[in-house]
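The values are calculated or read from the model by the stated rules, or taken from the named source; none is laboratory data. What you see is a predicted model; the values in this text were computed from it and never measured. So basically every Cβ, Gly included, is an ideal-geometry build from the backbone, and we count neighbours across all protein chains shown.
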Amino acid sequence: MNSLLITNGRLIDPASGLDATGDLLILDGKIAAVGKDVRAKAPKEIEKLNAEGAVVCPGLIDSHVHLREPGQSAKESIGTGTLAAARGGFTSVLCMPNTNPPIDNAATVVLVREKAGRDALVNVFVTGAITKGIAGEELAPIGSLKNAGVVAITDDGHCVQKNEIMRRAMEYARMFDLPLLDHCQDYSLVSDGVMHEGYYSTELGLSGWPAIGEEVIVARNILLAELTGTHIHCQHLSSANSVQLIRLAKGRGVPISGEACPHHFTLTDAAIAGSEEFWKEDGEILAREFPKGHPLPTWPKFDTNFKMNPPLRSQHDREALIEGLRDGALEIIGSDHAPHSGFEKEVEFDYAPFGITGLETELSLSLMRLYHTGKLTLPKLLDKLTVQPAKLLRIDKGTLDIGADGDITIFDPDRRWTYQREQTASKSQNSPFHGWAMRGKALVTIVAGKIVWHEVII
């Protein structure tokens, strides 16, 4: 069944500027009518959803997801990862290439796409590696990757250190009309750092990861984008100076963009010093969002679920990310969903892998930190989860236009719920948000006119 009539919802389409109560009709997987006087166009026997009190918007797009296949299916599979995406309201995800083996050749691209065709609940778009083996030494066959179906290239999880190789990669990306996404990390500056270099790294005795390790690569990318004319997208930015560098570069017309993750604009490095320190130092605004009587979640010092790459940074950096999202310096919100098996995280902080899950909490955290605090309107927030990622990846998604794919997210921006990591659809439970009171939740996720997940039929 891929025909559906959605009634009485608040229709928000940032692509067209639509924000009004009305109906939406999907026929044969495509949007057939939007707005008023829609019901008369619907077949009599069509399935109906009453979305009164909820927002109906283009299907959300997450441009930064690790689905772990091939080779790491103990952590996640395309099936479980896309179920987590559907539960979070996402109808399209972009999977990263740092798998085992890496997605650095046409055969592996075909393998992932075929498996997604069988197992995925939502649309899966594939990235290819910039370099062979994601080793940063030799360019991958970018033309072959494009012909095999990748929509972007990145060495995410790693960063190309050799500037000459990065320059040539950008020239090839432009030649083949592929977006180039970069994980910004200078290894020589970051060294063996495991958390943000600052007060708490000193107090806890952990190796510091200086923000300049990100900023130097952002500056490098700006200069190369200016030189080559190739657009480059900086992934999961965490530093205030990175935001300012991109803001200034965009002001003079450099083709560059940036992404922020909910964990970076919600948490700070104080969280690694334990829940008591976080709520005291940096959690005042967040604590006010918890319903009366709901206990604040607790966690110990050195909780490895707060270890990620790039690391949680200072309160100043967090506020700069929010300001960058508010003024448009950062266009896109992505989860950087990075599942790990429990035994991998149950070690000393120094030895635990970087990364957290995020697909099921991304929308809620974005609503809590950006919409409910008055930083962004709903249309502007949804623009960063629909229009902008579709534009970056050059995919025909992210709109409610007539004839567009019937990919729809229905959510309640005020729905109260508590995230429990053991209830996740993901194979992994490495989320720092266990026990958190959330505000805002996806209710129904629709792909090509078919309901792939629903909490309730409203």
Note down all Cβ pairs under 6 Å where the first residue falls in the stretch 355-376 and is farther than 17 Å from Ala320 by Cβ, the second is aliphatic (A, V, I, L, M) and assigned to a loop (DSSP other than H, G, I, E, B), and they're at least six residues apart or on different chains. Gly355/Met308; Gly355/Ala338; Ile356/Met308
Testing Ala169 on (1) more than 22 Å from Asp336 (Cα to Cα); (2) in contact (Cβ under 8 Å) with a residue 24 or more places away in the chain; (3) surrounded by fewer than 23 Cβ atoms within 10 Å (Cβ to Cβ), one condition comes back false. Which one is that? (3)
So how many residues does the stretch 271-291 have that are hydrophobic (A, V, I, L, M, F, W, C) and part of a loop (DSSP other than H, G, I, E, B)? 1
Taking first residues from the stretch 85-109 that are closer than 17 Å to Cys57 by Cβ and second residues anywhere that are surrounded by fewer than 23 Cβ atoms within 10 Å (Cβ to Cβ) and among the polar types (S, T, N, Q), the pairs with Cβ under 6 Å that are 6 or more apart or on different chains are Ser92/Asn123
The residue from Lys250, Lys280 that alone is within 21 Å of Leu385 (Cβ to Cβ), surrounded by fewer than 22 Cβ atoms within 10 Å (Cβ to Cβ) and either under 23 Å from the mean Cα position of the chain (by Cα) or without any contact (Cβ under 8 Å) to a residue 40 or more places away in the chain (or both) is Lys250
Which one of these is surrounded by fewer than 16 Cβ atoms within 10 Å (Cβ to Cβ) and closer than 25 Å to Arg415 by Cα: Gly53, Gly22? Gly53
Restrict the check to the stretch 220-238 and report whether at least one residue is over 26 Å from Asp177 (Cα atoms), in contact with a helix residue (DSSP H, G or I) (Cβ under 6 Å, 6 or more places away or on another chain), surrounded by fewer than 20 Cβ atoms within 10 Å (Cβ to Cβ) and not basic (Lys, Arg). no
Selection count where residues are more than 19 Å from Val190 (Cβ to Cβ) and either assigned to a loop (DSSP other than H, G, I, E, B) or small (Gly, Ala, Ser) (or both), scope the stretch 292-322: 13
Is it true that Ser314 is buried (at least 24 other Cβ atoms within 10 Å of the Cβ), in contact with a His (Cβ under 8 Å, 6 or more places away or on another chain), at pLDDT 95 or above and among the small types (Gly, Ala, Ser)? no
Residue that is farthest from the chain's Cα centre (by Cα) [pool: residues in the stretch 33-50 that are touching a residue at least 40 places away in the same chain (Cβ under 8 Å), surrounded by 19 or more Cβ atoms within 10 Å (Cβ to Cβ) and more than 15 Å from Asp412 (Cβ to Cβ)]: Ala33
Counting only residues that are in a loop (DSSP other than H, G, I, E, B) and crowded, with 18+ Cβ neighbours inside 10 Å, how many does the stretch 1-14 have? 2
Would you check which residues across the stretch 15-41 are among the acidic types (Asp, Glu) and not in a loop (DSSP other than H, G, I, E, B) and list them? Asp19, Asp23
Yes or no: Ile256 under 25 Å from Lys375 (Cα atoms) and of a type in the set (A, V, I, L, M)? yes
Which numbered condition Ile153 fails, given (1) in contact with a Gly (Cβ under 8 Å, 6 or more places away or on another chain); (2) surrounded by fewer than 24 Cβ atoms within 10 Å (Cβ to Cβ): (2)
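Here is a yes/no grid of residues against (1) at positive phi; (2) in contact with a Leu (Cβ under 9 Å, 6 or more places away or on another chain):
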position	(1), (2)
Leu180	no, no
Cys184	no, yes
Val216	no, yes
Ala219	no, yes
His236	yes, no
Ser239	no, yes
Lys250	no, no
Among the residues of the stretch 356-408, write down those that are surrounded by 23 or more Cβ atoms within 10 Å (Cβ to Cβ), over 24 Å from Val150 (Cα atoms) and over 17 Å from the mean Cα position of the chain (by Cα). Leu400
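Being within 30 Å of Leu5 (Cβ to Cβ) and of a type in the set (Val, Ile, Thr): is that true of Thr424 here?
Values: within 30 Å of Leu5 (Cβ to Cβ): no; of a type in the set (Val, Ile, Thr): yes.
No.
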Quick one: is Asp327 in contact (Cβ under 8 Å) with a residue 40 or more places away in the chain, closer than 23 Å to Thr418 by Cα, of a type in the set (Asp, Glu) and touching a helix residue (DSSP H, G or I) at 6+ places or on another chain (Cβ under 8 Å)? no
